[in-house]
Amino acid sequence: MARTIPPESPSGVLNARAARESFQVTRTAPPPELAPYVDYFWVLVWDLRGREPHRQRVLTRPSVHMTFTGYWTAGTTRDRIVGVVRDEFVEEISGDGRVVGAGFLPGGFRPFLGAPVAGITGRMLAVDEVFGPVGRALGAEIAGLRDAGAALARLESFLLERRPAAPDPQAERAARAVAHVAARPALVRVGELAADLGIGQRSLQRLFQEYVGIGPKWVIRRYRMLEAAERAAAGTGVDWAELAAELGYADQAHFTREFTAAVGTSPARYARAQDGA
């Protein structure tokens, strides 16, 4: 699989310097047949033998992930489907191991799930809870493949075998809506998004609950917070009051509270910690 995505692609991983010192992530683009559903495939590997465990905090995006983890030192494996995470997402790794995963486009998992994506928001399911016995068999097969490329190829083929006969127009519409939010940092209200897309607010809410798994207000706020985290990571020379206003917050105090809740520390402190990372 040679469709490597450039490493500068944003991932929502916080505290980039500590992350780089603890694990490596590579991402590959899906084949054309899966492009309407899968944003990227990814592999994360780590070797912390003789070192302290690493706790990684991620500022999540509105997407579903299907992952297969092998903890080689412990001799254990785990497979799961992770719905949209509303709040913080923290994962601890130790020893050595690997994760192979698929990150779905917003709306892209709905055709595989066969039910509203909001039903799995905030939940982590075993793969067989969605795909049945073939999902359990897939987990066992990937667990036995120490070569990451082979494991990733097997995951890709599994999804190719189960892709819908034709793309779902509503899934594509949901993906475009979220991409629009991501591309427009100045967009801060659901009404603006609905107007931009030429859709009523109630219809927009239903689309997001059915296909994205969470409402458009949360999606807008999360992308604005991702924007803030990226600005903070770039250095300490940020006018926080100006940034708060730009991102649609009533005042700097409100922005600071939300940033601290999402990232785990204040904007200024986070920027100081990242300076030079």
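All of the numbers you see were taken from the coordinates with simple rules; none came from a lab. Not measured: the values here are computed from a predicted model. Heads up, the Cβs are rebuilt from the backbone with ideal geometry, glycines too, and the neighbour counts pull from every protein chain shown.
Remarks
- Sorting the segments 152-160, 196-204, 34-42 by their mean number of nearby beta carbons within 10 angstrom, highest to lowest, gives 34-42, 152-160, 196-204.
- Taking ASP239, ASP47, ASP96 as the candidate residues, the one with maximal mean-square fluctuation in a Gaussian network model of the chain, Cα springs under 10 Å, is ASP239.
- From most to least packed by mean Cβ count within 10 Å, the peptides 64-73, 48-57 give 64-73, 48-57.
- Cβ crowding within 10 Å averaged over residues, with 211-219, 124-132 ranked highest first: 211-219, 124-132
- Alpha carbon Rg of the chain, scaled by the compact-globule rule 2.2 N^0.38 Å: 1.02
- MRE, 222 nm, helices only [DSSP H, n ≥ 4, -39500 (n - 2.57), over the chain, to nearest 500]: -12000 deg cm²/dmol
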